Amino acid sequence: MSRRRLIGFGAAAAAFVAGCGTDNDKTTVAPPKTANAVDVQAIPKAPQQQAANSAAVVAARHAGAQPQQWGMAMDGITSTFAATGKQMAVTFDACGGPGNNDIDEVLLNLLISQQIPATLFLNKRWIDANPGRAAQLAANPLFELANHGVAHKPLSVTGRAAYGIAGTGSPQEAADEVWANHERLTTLLGKPPRFFRTGTAHYDDVAVSIVNELGERPIGFSINADYGATASAAQVQKAMKAAEPGTISLAHMHRPNSGTAAGMTAALPALRSAGFTFVHL
C-alpha cells in the first residue's frame, strides 16, 4: 500500500454526512488497497436475480446473526479493482431527500463532453424526485447506474449508527434498504443494478452478506474526492491527484453549488493527460 493510500485511513469520514445532510468536518478517507480489489471484467454485466433470494428470504436467512465487523473497509467491500494499465473508476453519489435532490448539471455536462464513463449511485428518493433526468442517465451508455439505497442509512442489522445517523435495525430493514431501490432501478434500466453503496459508506459484515445475496456487490472507495460535497475546487483537484491504477473515486452529483464540478474540471483532463483511462466498475 502506498503512502498516499495510507493518509487518512482510519480517520472518521464525517464529510459523508455533509454530502447528504449538513456540512461537517472535511476528512479524506482512503480504504486500503487489499484483497478487495476485483477484476472488473469478471463481474457479470447483468446478474440474474433468483426468486429464492427475495428480500424476505435473505433477511430470514440472517435472523439473529450478530455482526463481527463494522466500517467502510472489510472483506466483501470493493474499494479498488484489478486495473489493466492506468485505469481508474470515477463514481458519483446522488443522496436524495430534503435538500439533496438537486442535479449538478455542470458536472454531468463535463463527463458527457469529455466522454468520461462514470458509475452513478442513485438514491431512490433522488430518482423519484427526478424521474425524467434519471431516465436520460439510464439511456446514456456513458453512465452505469447503481444503487444508493432508499433512506440513505448505514447498512446494519443492529441499528448501529455512523455520524449520528441510525442504521437499519434488523436484517429485514437492511434488505429493504437495498431491495426497494433494486426494484426501482431494475424497472428503470430493464435489468438489475450490479452495485450498491450504502449511505455513509458504513456496513457491518452481516449486511455485506445481505447485499451480496440480493445480487449486488457492496462498493466502497479509495479516494474521497469531495469530502461529502464540502470541498473547494482546489481540494477536489488535490484529492484526485492521488489516483493510482485501480482507484475508485467517490464524489457527489447533487450539490451544484459545491466545488465538485470545478475540481473535476481541473482534475479529470489532467489525469487523462497523465495516461489514465476511465472505466465503469
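The values are calculated or read from the model by the stated rules, or taken from the named source; none is laboratory data. Everything numeric in this text was worked out from a predicted model, so none of it was measured. Every residue, glycine as well, gets a Cβ built from its backbone with ideal geometry; the counts of neighbours run over all protein chains shown. Surface accessibility is based on the protein's heavy atoms, side chains included, excluding ligands, DNA and RNA. Shrake-Rupley method; radii C 1.70, N 1.55, O 1.52, S 1.80 Å.
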Exercise. Can you give me the number of residues within the range 220-242 that are touching a residue at least 40 places away in the same chain (Cβ under 8 Å) and over 23 Å from ARG194 (Cβ atoms)?
Key: 9
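Could you list, in sequence order, the residues of the range 243-269 that are in contact (Cβ under 8 Å) with a residue 24 or more places away in the chain and open to solvent by 20 Å² or more (accessible area, probe 1.4 Å)? Please lay out each step first, then the result.
Going through the range 243-269, the residues in contact (Cβ under 8 Å) with a residue 24 or more places away in the chain turn out to be 243-256, 258-269.
Scanning the range 243-269 gives GLU244, PRO245, ARG255, PRO256, SER258, ALA262, THR265, ALA266, PRO269.
Just to be sure, is THR198 farther than 16 Å from SER54 by Cα, touching a helix residue (DSSP H, G or I) at 6+ places or on another chain (Cβ under 7 Å) and among the hydroxyl-bearing types (Ser, Thr, Tyr)?
On the way: farther than 16 Å from SER54 by Cα: yes; touching a helix residue (DSSP H, G or I) at 6+ places or on another chain (Cβ under 7 Å): no; among the hydroxyl-bearing types (Ser, Thr, Tyr): yes.
No.
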Quiz item: How many residues are open to solvent by 10 Å² or more (accessible area, probe 1.4 Å) and at pLDDT below 95 if we restrict to the range 214-228?
Solution: 1
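Regarding ARG160, is this residue open to solvent by 10 Å² or more (accessible area, probe 1.4 Å), basic (Lys, Arg), at pLDDT 95 or above and within 18 Å of ALA65 (Cα to Cα)? Write out each step before concluding.
Details: open to solvent by 10 Å² or more (accessible area, probe 1.4 Å): yes; basic (Lys, Arg): yes; at pLDDT 95 or above: yes; within 18 Å of ALA65 (Cα to Cα): yes.
Here the answer is yes, as ARG160 does meet what is asked.
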Exercise. Go over the candidates ARG133, ARG184, ARG217 one by one and state the one that is basic (Lys, Arg) and in contact with a Ser or Thr (Cβ under 9 Å, 6 or more places away or on another chain).
Key: ARG217
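Taking ALA207, is it aliphatic (A, V, I, L, M) and open to solvent by 10 Å² or more (accessible area, probe 1.4 Å)? Don't jump to the end; show me each part of the working.
Numbers: aliphatic (A, V, I, L, M): yes; open to solvent by 10 Å² or more (accessible area, probe 1.4 Å): no.
When the stated conditions are applied, ALA207 does not pass them.
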Self-check item: Pair list, Cβ under 6 Å, 6 or more apart: the range 66-91 residue of a type in the set (Phe, Trp, Tyr), other residue buried (at least 23 other Cβ atoms within 10 Å of the Cβ)
Solution: TRP70/ASP204
Quiz item: Pairs, please: C-beta under 7 Å, at least 6 apart or cross-chain, first residue modelled with pLDDT of 95 or more and in the range 198-213, second surrounded by fewer than 24 Cβ atoms within 10 Å (Cβ to Cβ) and assigned to a helix (DSSP H, G or I)?
Solution: ILE210/VAL58; GLU213/ASN53; GLU213/VAL58
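Quick check, is THR186 more than 25 Å from ALA138 (Cβ to Cβ) and of a type outside the set (Gly, Ala, Ser)?
Working: more than 25 Å from ALA138 (Cβ to Cβ): no; of a type outside the set (Gly, Ala, Ser): yes.
The answer is no for THR186.
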Practice problem: Hey, can you tell me all the residues within the range 138-180 that are under 14 Å from the mean Cα position of the chain (by Cα) and of a type outside the set (Gly, Ala, Ser)? | Solution: PHE143, GLU144, LEU145, ASN147, HIS148, VAL150, HIS152, LYS153, PRO154, LEU155, VAL178
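Starting from residues that are open to solvent by 10 Å² or more (accessible area, probe 1.4 Å) and closer than 27 Å to LEU155 by Cα, keep the ones in the range 230-242 and report whichever is modelled with the highest pLDDT.
ALA239
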